[in-house]
Amino acid sequence: MMTATSEDIHTSASAIPNPALGSSTRASKQNSSIRFTVGKVDAGMTILLTEDHHLIEFPSLLLPKGVTAGSVVNISVNRDLEEEKHRLDEFWSLQDEILDQFGKNPPKSPTLRVQSLTQSTCILEWDSLVLNQASLRSLDVYKNGVKQGHSIANPFHTNQYKLQGLEINHEYSFYIEIKTSAGTLRSNEVKARTHTLENLTGTNICFGVFESDAALEECKSLIVEIGGKWTEEVGIETTHLLCHVQGGYNYEAALHQSIPIVKPEWLKACVEHKKLQAALPYYLVQPSSNAISSSADTPARE
């Protein structure tokens, strides 16, 4: 029969304090020694048996050299209070760091405003988004409480949105909503009424190719007379393109953005009748019937 040997093994273990235990109980648990009989030794784990016949698995690597089946070992377990306090301090230090970086500077609600209005369109504009450490997931535009189309694909590349197909002289309410990694935020709500036919101040005209400089200057004077605006290049605010001849950068841009391309006679008719005239009879090139369709609401292009 194999003769058993006695060995002492000292290990350290950290534990989370249990407030339910009394101080005397905690003190008694900080240092303890238990005697085991080695049952089976494998390369990885060893089977240990207690005197009251409980079985546990213990890493063979931590046993003294020479231990075999039948050896008797004493395992002492000591609580390392100093290391426990050190790790707890590190934990709370990390929590404070996370709070300082991510918790004290949440993203801000966007600020929305109406940039321009016409009889059938409205351009919304908002300030640059302030997200701080949060990440943006989506930006949506709402008209009268109803989400408009899909989320804006590149909200960091534009801060404008054009709504089209609105009713004449009708009041609408708008707001935008951003979803971030820190939650959902809604902008202020703005209200706006589309213009009447007699209100031409929302007219924003760009020019294509004219037959003469005199004709171009005449159109510019007429735009000022009706209280409208004109720009050198086609943009999101452009309502009409005036020209005598097809071609040119502005002409192609107007085609791409489905902006009405009309003859100067359209502007003269608006001035004569003192109200907005239908663009179709004055189109430079009359579109086919199946090409006439209402444009979808779109975010501004850069």
- Screening LEU112, LEU129 for residues that are within 30 Å of HIS195 (Cα to Cα), at pLDDT below 95, of a type outside the set (Val, Ile, Thr) and open to solvent by less than 60 Å² (accessible area, probe 1.4 Å) leaves only LEU129
- Message: Just to be sure I understand the filter: pairs with C-beta atoms under 6 Å, separated by 6 or more residues or on different chains, first member in the range 62-79 and within 12 Å of VAL41 (Cβ to Cβ), second member outside any strand (DSSP E or B) and open to solvent by 20 Å² or more (accessible area, probe 1.4 Å). Which pairs pass?
- Response: GLY70/MET2; GLY70/ALA4; SER71/ALA4; SER71/THR5
- Item | Every residue from the range 149-162 that is open to solvent by less than 50 Å² (accessible area, probe 1.4 Å) and closer than 14 Å to TRP126 by Cβ | ILE152, PRO155, THR158, GLN160, TYR161, LYS162
- Message: Can you confirm whether VAL141 is closer than 21 Å to SER181 by Cα and in contact with a Lys or Arg (Cβ under 7 Å, 6 or more places away or on another chain)?
- Response: no
- Query: Is there a residue in the range 193-202 that is buried (at least 21 other Cβ atoms within 10 Å of the Cβ), in contact with a strand residue (DSSP E or B) (Cβ under 7 Å, 6 or more places away or on another chain) and modelled with pLDDT under 95?
  - Reply: yes
- Give the range 249-289 a look and list any residue that's in contact (Cβ under 8 Å) with a residue 24 or more places away in the chain and of a type in the set (A, V, I, L, M, F, W, C), or say none. ALA254, ILE259, ILE261, TRP266, LEU267, CYS270, VAL271, LEU276, ALA279, LEU284, VAL285
- Message: Consider the range 217-275. How many of its residues are in contact with a Ser or Thr (Cβ under 6 Å, 6 or more places away or on another chain) and open to solvent by 30 Å² or more (accessible area, probe 1.4 Å)?
- Response: 3
- Message: I'm told ASP89 meets every condition in (1) part of a helix (DSSP H, G or I); (2) touching a residue at least 60 places away in the same chain (Cβ under 8 Å); (3) open to solvent by 50 Å² or more (accessible area, probe 1.4 Å) except one. Can you identify the failing condition by its number?
- Response: (2)
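So which residues in the range 118-153 are part of a loop (DSSP other than H, G, I, E, B) and free of Cβ contacts under 8 Å to residues at least 24 places away in the same chain?
VAL130, HIS150, SER151
The values are calculated or read from the model by the stated rules, or taken from the named source; none is laboratory data. Keep in mind that this is a model prediction, so the values were computed, not measured. We place every Cβ from the backbone using ideal geometry, glycine too, and count neighbours over all the protein chains shown. In case anyone asks, the SASA skips ligands and DNA or RNA and just uses the protein heavy atoms, side chains included. Shrake-Rupley method; radii C 1.70, N 1.55, O 1.52, S 1.80 Å.
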